[in-house]
Amino acid sequence: MLTGMILSLALTVQTAPAVVTPVPRPDTTVRPMLSPPPPPPPLPVPLPAPVVAPDTRPYVALVTDLGTIVVRIENKRAPVTSANFLRYVDAKRMDGFKFYRSTESWGPANQLVQAGNRGDARKNFPPIAHEPTKTSGLTNCKGALSMARLNPGDATTDFFLLLSDIKGFDSDAVGGDGAGFAVFGEIVAGADVAAAIFNAPISPTAGDGVMKGQMLEPQVTIKTARRVPAPAAAPKGCVVKAP
């Protein structure tokens, strides 16, 4: 009996269906490739600040009876004329010089005032060589500081402050003498004071020849002439010719 039961169990095991575990098939679905995100934009690189060369040109304050005029000296472009002017300033020989002439009678196109030593001639240094504007690259524009002279090479103390463009004073001016008047600086402050000198009273009788009707009365005294620091907002100016 026991043998029959074992045989029956064996037959049952042989005839039972086998359990098959399915094997997962690989996923063959084609999916689109995703592009990587773009790189972040580069950080802006700060530009270096422009290097501005310090202004080493001398500045001089002319303290007059009517106020103060500050001029900038173009000592690199007109070294001879500039050195002459600064020599008078540094030696304090310009103290007491006079603004004595105004060309108001010449009309609006030729406005200037003239100053110089109207006293002791022993204050004068020797005359200087002439520096024409075609060599210096400067021009006789409104505000220019120019050297007065009779003939090229005889200038000593006298100078002009221009209150209008006078391009006929340039050495390359058409119809000029080829020498002109040497520019060596310009007004950077106190143009109203220069205008007040220009409009000051004129003597009806003083002066000879072309100077008659142009002599100030009273004359305007330069009390002191001293070097000063560059003004904080000094204008670029006009005496340097455009390239």
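The values are calculated or read from the model by the stated rules, or taken from the named source; none is laboratory data. For clarity, every value in this text was computed on a predicted model and none was experimentally measured. So basically every Cβ, Gly included, is an ideal-geometry build from the backbone, and we count neighbours across all protein chains shown. Just so you know, the surface numbers come from the protein's heavy atoms only, side chains and all, with ligands and any DNA or RNA stripped out. Shrake-Rupley method; radii C 1.70, N 1.55, O 1.52, S 1.80 Å.
No other residue among R101, R77 is of a type outside the set (F, W, Y), closer than 20 Å to P235 by Cβ and open to solvent by 10 Å² or more (accessible area, probe 1.4 Å) apart from R77.
Here N84 meets each of (1) polar (S, T, N, Q); (2) surrounded by 10 or more Cβ atoms within 10 Å (Cβ to Cβ); (3) not in a helix (DSSP H, G or I) with one exception, condition (3).
Hey, does the stretch 216-239 have a residue that's without any contact (Cβ under 8 Å) to a residue 40 or more places away in the chain, within 14 Å of L112 (Cβ to Cβ) and out of contact with any strand residue (DSSP E or B) (no Cβ under 6 Å at 6 or more places or on another chain)? No, the stretch 216-239 contains no residue that is without any contact (Cβ under 8 Å) to a residue 40 or more places away in the chain, within 14 Å of L112 (Cβ to Cβ) and out of contact with any strand residue (DSSP E or B) (no Cβ under 6 Å at 6 or more places or on another chain).
One line per residue, one yes/no per condition, for (1) over 20 Å from R87 (Cβ atoms); (2) at pLDDT 95 or above:
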residue: F159; (1), (2): no, yes
residue: N199; (1), (2): yes, yes
residue: K223; (1), (2): no, yes
residue: P231; (1), (2): yes, no
